[in-house]
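Asker: To start, I am sharing the structure in question, which I have written as structure tokens.
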Amino acid sequence: MPVNDGKSDKWEDTMKIKNLRWIIVALLFVATGLSFMDRQVLSLAIIKIKEEFLITDMEYGWVNTAFLCSYAIMFTLGGWLIDRYGTRAGLAVSVGLWSLASSLHGLTQNVWQLGVSRFFLGLGEGGAFPGAAKGVTEWFPQKQRGAAMGIAIGGAALGAVIAPPLTVYLTSLFGWRGTFVVTGIIGGVWVLVWLLFFRKPQRSKLVTAQELALITGDTSGEQVKSKPLPFRVILRTKEAWGLIIMRFLLDPVFYFIMFWIPKYLSEVRSVSFERIGELFWIPFLALGISNVLGGLLSDKLIASGVSVNKARKTIMGIAAVLTVFTALTPVVSTVELAIFLITLFMFAHGLWITNYITVTSEVFGKNGTSTVVGIAGTAGAIAGMVINPLIGKVVEGFSYTPLWVVAGMLYPIGFAVLLITIPKIREIKINTID
């Protein structure tokens, strides 16, 4: 038998990384950042693209619908596949696919090819948030999960913050086509780094014993059931339907902000392309701050003795109230005030969405989080898919004003749905719902 001289153990110890979970969440932060950066590039580049392709508002609405159609499909299917085959492979395929699709935008010659490229972009991006949610759920104990979830999904805001000035800068260097190619290459680099670092905590050769004990210490009961929850089981719960309805109501508002505001600023407020690049990152910076702040605040409330139920709902209730002021956007006199109100909305959305996804993980646990996030995201994408051409019709036939008014009404309605369908935030055990 070979003699163990202790050298191999020492070598393995040197390969361990302290606080590896924070590196994992940083990678998830970058992944969600890339997802929003890659989809947001078009909302700026369209100002240049429409000069070449002569795209109407209705056609632009259909291009967005192409993205949302595949996004809707893959939010559910991608979430289920990630629950079934794992976060590591799932996110690698997801980011790799949408990065390739992003680069293909640069080869398009007409509006139909642009729509096809958007379709494949959505096909890849559908797995981003289910994968991020599952990665956090796997790598963080509940007491740190809210903050970690905020960081993971907060990358989306960073991507959207970077996108406007980066798009303007890259367009000045390479044109709008080169901009899409460069952002696609960045995603390919991420995939390589992700495959190097990520595995489940129990299978990782890089995690320390102390960190593994921290991660698994409050989840002993969750290890018994390892299979993902079936769709039929999930859809028999009122909690799942509440989460689905909330996304169906609220996601179109967020898509409106993402896809249409640069056009609104250009066409209604007469803001130049360069000035939009200087201004449009501000709301997304607020989103990134509130993504993290929303999780930290609710975690802090829990640490002070407030129940999980009350802590999460308090932050979400505050967020719902703040969104009401969005309805004032079309009547304010200056571009700066309009940006302030859009920024306030995005700040509120960040508080909301961090706690929304955290609530999902706390209700459905490790075996159902990605699937539920996926189904709910599909519902939101379907709503956005239907609404986007209608937005184009409203803008062409009337104005943006009705859209701003509706945007200010929906989050309080969503909060009422939360209170009715999830009266108490608690994990649903399989044997109580099967």
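The values are calculated or read from the model by the stated rules, or taken from the named source; none is laboratory data. Everything numeric in this text was worked out from a predicted model, so none of it was measured. When we count neighbours, we look across all protein chains shown, and the Cβ atoms used for this are built from the backbone with ideal geometry, even at glycine.
Asker: Select, from V359, V373, V405, V363, the only residue that is over 20 Å from L229 (Cβ atoms) and assigned to a helix (DSSP H, G or I).
Answerer: Sole residue among the options that is over 20 Å from L229 (Cβ atoms) and assigned to a helix (DSSP H, G or I): V405.
Asker: Among the residues of the range 55-98, what is the count of those that are crowded, with 24+ Cβ neighbours inside 10 Å and free of Cβ contacts under 8 Å to residues at least 24 places away in the same chain?
Answerer: Within the range 55-98, residues that are crowded, with 24+ Cβ neighbours inside 10 Å and free of Cβ contacts under 8 Å to residues at least 24 places away in the same chain number 0.
Rundown of residues vs (1) more than 21 Å from S370 (Cα to Cα); (2) of a type in the set (S, T, Y), yes/no style:
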| site | (1), (2) |
| --- | --- |
| W241 | no, no |
| I245 | no, no |
| L249 | no, no |
| F259 | yes, no |
| Y264 | yes, yes |
| W281 | yes, no |
| F284 | yes, no |
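Asker: Related question: For the range 421-429, indicate whether the set of residues that are part of a helix (DSSP H, G or I), among the aliphatic types (A, V, I, L, M) and either farther than 25 Å from G124 by Cβ or at pLDDT 80 or above (or both) is non-empty.
Answerer: Taking every residue of the range 421-429 in turn, none turns out to be part of a helix (DSSP H, G or I), among the aliphatic types (A, V, I, L, M) and either farther than 25 Å from G124 by Cβ or at pLDDT 80 or above (or both).
A quick yes/no check of all residues on (1) within 27 Å of T360 (Cα to Cα); (2) in a helix (DSSP H, G or I); (3) hydrophobic (A, V, I, L, M, F, W, C):
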| position | (1), (2), (3) |
| --- | --- |
| M149 | yes, yes, yes |
| A152 | yes, yes, yes |
| G155 | yes, yes, no |
| L158 | yes, yes, yes |
| A163 | no, yes, yes |
| L166 | no, yes, yes |
| Y169 | no, yes, no |
| G175 | no, yes, no |
| V189 | no, yes, yes |
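Asker: Quick check, is L20 modelled with pLDDT of 75 or more, closer than 30 Å to Q210 by Cα and not small (G, A, S)?
Answerer: In short, yes.
Asker: Taking the stated definitions as given, is T314 in contact (Cβ under 8 Å) with a residue 12 or more places away in the chain, closer than 26 Å to A416 by Cβ, surrounded by fewer than 17 Cβ atoms within 10 Å (Cβ to Cβ) and under 22 Å from the mean Cα position of the chain (by Cα)?
Answerer: Considered against the rule, which asks whether it is in contact (Cβ under 8 Å) with a residue 12 or more places away in the chain, closer than 26 Å to A416 by Cβ, surrounded by fewer than 17 Cβ atoms within 10 Å (Cβ to Cβ) and under 22 Å from the mean Cα position of the chain (by Cα), T314 comes out as yes.
Asker: Another question, then. With the requirement that a residue be under 20 Å from the mean Cα position of the chain (by Cα) and closer than 12 Å to A89 by Cα, what does the range 183-198 give you?
Answerer: V191, W194, F198, listed by residue number.
Asker: Hey, another quick one. Given (1) modelled with pLDDT of 85 or more; (2) farther than 27 Å from T76 by Cβ, identify the lone condition not met by L296.
Answerer: Only one criterion in (1) modelled with pLDDT of 85 or more; (2) farther than 27 Å from T76 by Cβ is unmet by L296, namely (1).
Asker: Continuing with the same structure: If V386 passes every condition in (1) of a type in the set (A, V, I, L, M, F, W, C); (2) buried (at least 19 other Cβ atoms within 10 Å of the Cβ); (3) within 22 Å of A72 (Cα to Cα) but one, which one does it miss?
Answerer: Here V386 clears every test but (2).
Asker: Any idea how many residues of the range 109-144 are closer than 20 Å to K50 by Cα and either part of a helix (DSSP H, G or I) or touching a residue at least 24 places away in the same chain (Cβ under 8 Å) (or both)?
Answerer: The total comes to 11.
Asker: In the range 377-420, which residues are modelled with pLDDT of 90 or more and hydroxyl-bearing (S, T, Y)?
Answerer: Y411 - this is the single residue of the range 377-420 that is modelled with pLDDT of 90 or more and hydroxyl-bearing (S, T, Y).
Asker: F345 versus (1) surrounded by fewer than 24 Cβ atoms within 10 Å (Cβ to Cβ); (2) closer than 30 Å to S270 by Cα; (3) in contact (Cβ under 8 Å) with a residue 60 or more places away in the chain: which is the lone unmet condition?
Answerer: Only one criterion is unmet by F345, namely (1).
Asker: Then there is this: Within the range 387-401, count every residue that is free of Cβ contacts under 8 Å to residues at least 12 places away in the same chain and part of a helix (DSSP H, G or I).
Answerer: 2
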